[in-house]
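The values are calculated or read from the model by the stated rules, or taken from the named source; none is laboratory data. Please read these numbers as outputs of a predicted model, since none were measured by experiment. Cβ placement follows ideal geometry from the backbone for every residue including glycine, while neighbour counts extend to all protein chains displayed.
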Amino acid sequence: MNEIIIATKNAGKANEFKTFFSRYSINAISLPELSQEIADIEETGTTFAENAALKAEQIAEWLQKPVLADDSGLVIDALDGRPGIFSARYAGEPKNDQTNIDKVLHELDGIDMPDRTAHFVCVLAVAIPGDATIFKTGFCEGIINTEQAGVNGFGYDSVFIPDGYTQTMAELSSDEKNRISHRRKAMDQLETWVQTYAAN
Ligand SMILES: O=P(O)(O)OP(=O)(O)OP(=O)(O)OC[C@H]1O[C@@H](n2cnc3c(O)ncnc32)[C@H](O)[C@@H]1O
Ligand SMILES: [Mg+2]
């Protein structure tokens with residue numbers, strides 16, 4: 001079976017990519033599954049694209065193989081776009097989904113539903129040794145609930161209600177999330193590349 005390395009240590013993301021790539025009979029392999037230990041890449045960029053490129057290009061260089069990286073995050077309008085590129089570590093080190101959620105809910109305290117609009121962003125970078133890096137972006141619009149609900153997914157899913165739904169992303173099945181998510185939308189943009197890769 002064809003393989004692709006996914007430059008992530010986030011198990012939630014990795015599982016979503018495994019599902020997406022299984023449609024093309026491609027085995028998506030995340031960093032903790034490799035036999036060699038891969039050091040953390042510092043996400044020093046100022047945009048999702050810069051951080052996605054840092055992750056994909058450094059690991060493609062080390063492994064001399066095509067590598068896909070995902071840099072993603074939650075952009076909340078009432079917080080001037082925060083946590084944005086800082087989503088993973090919004091409440092500081094070590095990164096922790098629950099303390100990040102607590103911080104966001106606290107900062108939105110007193111803000112009514114219509115003003116709690118937000119969107120998830122996913123930027124994918126595909127780095128191929130010797131080639132120009134490819135970038136694709138996807139969005140998922142919604143609102144931040146006043147309380148947490150649901151246990152599926154990861155990150156901020158338990159407080160994010162996608163537009164057109166009454167449940168949080170964490171109350172949706174993984175199939176449903178994978179149909180509407182920012183990550184899925186970005187993967188849809190990458191479809192032509194993935195089809196070519198699968199055929200080789
Ligand atoms: O860098 P890698 O190793 O891929 O893992 P990470 O978790 O640090 O990933 P990012 O740097 O891209 O930060 C993304 C953060 O944005 C949030 N996030 C991204 N996609 C999400 C999703 O589908 N559902 C909920 N939260 C998400 C979540 O807090 C992630 O930790
Ligand atoms: Mg990260």
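So the values come out like this:
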read-out: For G81: the one exception among (1) in contact (Cβ under 8 Å) with a residue 12 or more places away in the chain; (2) out of contact with any Leu (no Cβ under 6 Å at 6 or more places or on another chain); value: (1)
read-out: Single unsatisfied condition, L105 versus (1) touching an Asp or Glu at 6+ places or on another chain (Cβ under 9 Å); (2) within 17 Å of A14 (Cα to Cα); (3) part of a helix (DSSP H, G or I); value: (2)
read-out: Meets criteria (within 12 Å of ligand 1 (Cβ to nearest atom), over 21 Å from G153 (Cα atoms) and among the basic types (K, R)) for K55; value: yes
read-out: Test: A78 is within 18 Å of H182 (Cβ to Cβ), at pLDDT 95 or above and of a type in the set (A, V, I, L, M); value: no
read-out: Unique residue being under 26 Å from I143 (Cα atoms) and not in a loop (DSSP other than H, G, I, E, B) when the list is F86, F21; value: F86
read-out: Per-region count, region 146-193, residues small (G, A, S) and touching a residue at least 24 places away in the same chain (Cβ under 8 Å); value: 6
read-out: Members of region 151-165 that are away from ligand 2 (no atom under 16 Å from the Cβ) and either touching a strand residue (DSSP E or B) at 6+ places or on another chain (Cβ under 8 Å) or over 23 Å from R89 (Cβ atoms) (or both); value: V159, F160, I161, P162, D163, G164, Y165
read-out: Residue pairs meeting the criteria (Cβ under 6 Å; at least 6 apart or on separate chains; first over 20 Å from V121 (Cβ atoms), in region 25-49; second part of a helix (DSSP H, G or I)); value: I26/A198; A28/F17; A28/K18; A28/F21; S30/A14; I38/L31
read-out: Residue in region 30-52 that is within 10 Å of ligand 1 (Cβ to nearest atom), closer than 29 Å to W193 by Cβ, in a helix (DSSP H, G or I) and in contact with a Lys or Arg (Cβ under 9 Å, 6 or more places away or on another chain) present; value: yes
read-out: Selected residue (criterion: farthest from D40 (Cα to Cα)) from residues of region 5-24 that are touching a residue at least 40 places away in the same chain (Cβ under 8 Å) and of a type in the set (D, E, K, R); value: E16
read-out: Qualifying residue in region 51-58 (condition: in contact with a Pro (Cβ under 8 Å, 6 or more places away or on another chain) and crowded, with 18+ Cβ neighbours inside 10 Å); value: no
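A quick yes/no check of all residues on (1) assigned to a loop (DSSP other than H, G, I, E, B); (2) within 12 Å of ligand 1 (Cβ to nearest atom); (3) buried (at least 17 other Cβ atoms within 10 Å of the Cβ); (4) basic (K, R):
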residue	(1), (2), (3), (4)
P94	yes, yes, no, no
N100	no, yes, yes, no
H119	no, yes, yes, no
V126	no, no, yes, no
V151	yes, no, no, no
G155	yes, yes, yes, no
I161	no, no, yes, no
